[in-house]
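Encoded as structure tokens, the structure appears first; notes follow it.
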């Protein structure tokens, strides 16, 4: 009883909902909120998700009369506790994660008091904000359908909440929401294409997403084999013309100069001097690369790149593209490379010194071996040849799971285990070269790539990571030597997965071998590439290109704004015209308006008319709930009934209007009723 | 449901209306605890419609029909339907009269003012359709001669929904001939106690005097036709009917004939309540009785039956303001 009274007074101007409809509206609202929370589930702390679930369960239980909703003080305390928890965890209420957490928590608490339509709108609005936050934090293709589904869910929930008495069925609500979203879709596309894109980062939030895999700036035994277990894409490359043959697909990453006997590393950036331009030789390749996020600064390019692409990137003298910032989101750049070009200039004295330096007290046997080989060879070129001959005939085996090496890693490898992968071979080779007095360095990067015929690009995965060596030879310049290719020549032409069957598990083999699975995989990857390039990567430059193609050469933001406004007006006109063709309910006549006023007065007095109640049934309902009003209400309602349904002369309409206008529900009865209501609440509590 | 008349309008306090109220009161003493069904029966009669009572045996179907006939002063006949019942057993048969050397038509039990057709679903389809034809045409044709049935003519048919063996369910087209289908159901505990204490209710009838006669029933039927039906009410009825059509879960929506029946029944209900105009409440009161047997869910195994469909219909269609 007390409950009914509260519900009625909270939604005096809304028709009372039957309990089933109440539950249905609640379920939809809760589903929308939970959807928003679940989209963020790995970004927000666990307690926020748990709180959301508990609040949903609580409000459903309350709706089923199994539990009592919390009072104002408990809700206030809950809200304060949530704010304190967010502050304790993030030290701020700002930022994407803290904001999402706060939003999820507050939306959940709000659900506990969502009784009126307005409350439900607020909860659904919270869910939409959570969706927005999810869109800001993750934009890859697999999430797009999830986001669309959540938008649909929110709109359906809104349709259910908006409809009086929830007369809209579940399917009808979902259909209505889908139709509304479809109507809005052209507007979204227009805004996406033509909304002035500011080149600054006005809404670029601090990006917390960081890639886990990628080339580092050190090379130790084992680091490449970690990478080779990951089939994540490293980058994709589109070529103008045919791609290079497999044996020339060396993608250059960081070049490592320093060796401590176990780990190769790269000098600090300031050590490098200025870069001289490389002379193009014969084989030029123009291509565009979309680089996936990785922890390093490296912009991968086909060996050897001729110049730095446009962007915040620098070409170091050892021909490495170093970005100004870590690659935290996908970037796209165009470059030109020459696979036959060599760096002709002799290294400067300090570079030479660095590329010859070895730790004196480590790997003594290898040091001696290198010196001996150089002595026996006579020339540098012959020295390289004899060293490679050593690798070919020395009983070395290529494997991704070599035995572990000690601190003198090269000695252990050359004279002990003789098993290793590219990193071991490159490391040992460069060490031997330096021991023989030939400047040499380790180059890391990727080798190969899978041709995707659907998207027309090369997909290079983390598992294609590779390491090779470069030596300085008089007259030839810096020359690429890949000792791995000597030990395992097939590694050049085939992917590492094909080459080492043990490296992948049986299900993975299936994925790699079965033809239609390969096709599906490639199609999916092509779709992903399209999404990353054309949708996520749609920036100011792409927009300008599009506009130029449409005939607008040098647009100013104001022009774009006007164009957008014109499109918006056009869209409004088209949609408005469509809506105007829908059958419209007839305008209420005088009698209907007077009857509505009467119903409103009675609703304020606590008896709302149900949609399906006729005047006589309504009079009965008034008599049951407000006996003090029964007599007048019945007279008025029945004169409405006669005017509407009876064969009545029209002149009595004015009387009815006057009677409705004059009728005041006296404050005495209202206050009397209020105190009675309170008493009943009190008695119910007892 | 309120029985309040529209104020400011002279109430029809003529003799027939008073007698009708007395008939209602008397019926309520015979059939205990079923005021709604009693009013529906009377409304059906006043709307010139036929009535189908579907229920298990022993809840007072026959008593109700008997009391109705007795109190309204109508002549009545009862036919127990069986599978070997022939059309002639109902309609009548021409016999050769030796005295006049001619065939003479001997009226069957259908020539009465109120016919109680007990367990109508036990008869063969041929017999059923003979009866239903007579119901629709209010006349029978035998040997090229047409015989008019008495006026008023009112069929109360009963059927037991739980018996399936050896029965012929009425097809939709024939169910449509019945204006209403009602169920009586078990009485509430306190009324059942009274029934158990006092024994056979039909004995009460012999002590009661009829309150009406055939002529006044006809006048009442005329009066029912005069009850005003306004355009806004027709809007509401059309909205209700529209809602039953084109639905995936229904085999058939309501036909125009069902719509007409709905309005006639609502008129009768309004008249019983002493009103001169039909209100939406009158339509709502008779809707499930008029519509439930005409709405067939597509999957009859489901829990949704006609009654619930009708209730659902009322919940979904708002009363136009």
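Classify the stretch B:193-258 as rounded, prolate or oblate, taking a ≥ b ≥ c as the square roots of the eigenvalues of its Cα gyration tensor: rounded when a/c is under 1.5, otherwise prolate if a/b is larger than b/c and oblate if not. Note, shape of the stretch B:193-258 comes out oblate. Among the residues of B:313-319, the average count of other protein chain beta-carbon atoms within 10 Å of the residue beta-carbon is 5. For residue B:29 and residue B:219, a Förster radius of 25 Å and the Cβ-Cβ distance give a FRET efficiency of 0.50, rounded to the nearest 0.05. Looking at chain B, the DSSP beta bridges with both ends there are about 40 percent antiparallel.
Counts of other chain beta carbons within 10 angstrom of each beta carbon in peptide A:457-470 average 0.
Which one, B:146, B:62, B:244, has the greatest fluctuation when you compute a Gaussian network model over chain B with C-alpha springs under 10 angstrom? Judging by the Gaussian network model, the answer is B:146.
Which shape class, rounded, prolate or oblate, goes with the stretch B:226-321 when its Cα gyration tensor gives a ≥ b ≥ c as root eigenvalues, a/c under 1.5 marks rounded, and past that a/b bigger than b/c marks prolate? Cα axes put the stretch B:226-321 in the prolate bin.
Peptide A:605-618 shows a mean partner chain C-beta count of 5 within 10 Å per residue C-beta. Count the DSSP beta bridges whose two residues both fall in the protein assembly as shown, then state the antiparallel fraction as a percent rounded to the nearest 5. Of all bridge pairs located within the protein assembly as shown, approximately 75 percent are antiparallel. Highest-first packing order for the peptide set A:423-430, A:138-145, B:124-131, B:22-29 is A:423-430, B:124-131, B:22-29, A:138-145, based on the mean count of other beta carbon atoms within 10 Å. Per-residue ellipticity at 222 nm computed for the protein assembly as shown from its helices equals -15500 deg cm²/dmol, with DSSP H segments shorter than 4 residues left out and the rest contributing -39,500 (n - 2.57). Applying 1/(1 + (r/R0)^6) with R0 = 51 Å to the Cβ-Cβ distance of residue A:476 and residue A:517 gives a FRET efficiency near 0.70. Between residue A:534 and residue A:286, the modelled label-to-label distance comes to 2.2 nm, taking each label 7 Å out from Cα in the direction of the beta carbon.
Working from label points 7 Å from Cα in the Cα-to-Cβ sense, the residue B:206 to residue A:376 distance is 13.8 nm. Peptides A:453-463, A:563-573, B:226-236 ranked from most to least packed give A:453-463, B:226-236, A:563-573, packing being the mean of other C-beta atoms within 10 angstrom over each peptide's residues.
Spacing of the modelled spin labels on residue A:658 and residue B:193, each 7 Å from Cα toward Cβ, amounts to 5.5 nm.
Overall, the anisotropy analysis places the protein assembly as shown in the prolate class: the square-rooted eigenvalues a ≥ b ≥ c of its C-alpha gyration tensor yield a/c not less than 1.5, with a/b exceeding b/c.
Between residue A:349 and residue A:574, the contour length at 0.36 nm per residue exceeds the alpha carbon distance by 73.7 nm.
Read-outs throughout are calculated quantities, based only on the coordinates presented, and are distinct from any laboratory measurement. Source: prediction; values computed, not measured. Glycine gets a Cβ as well: all are built from the backbone with ideal geometry, and neighbour counts include every protein chain shown.
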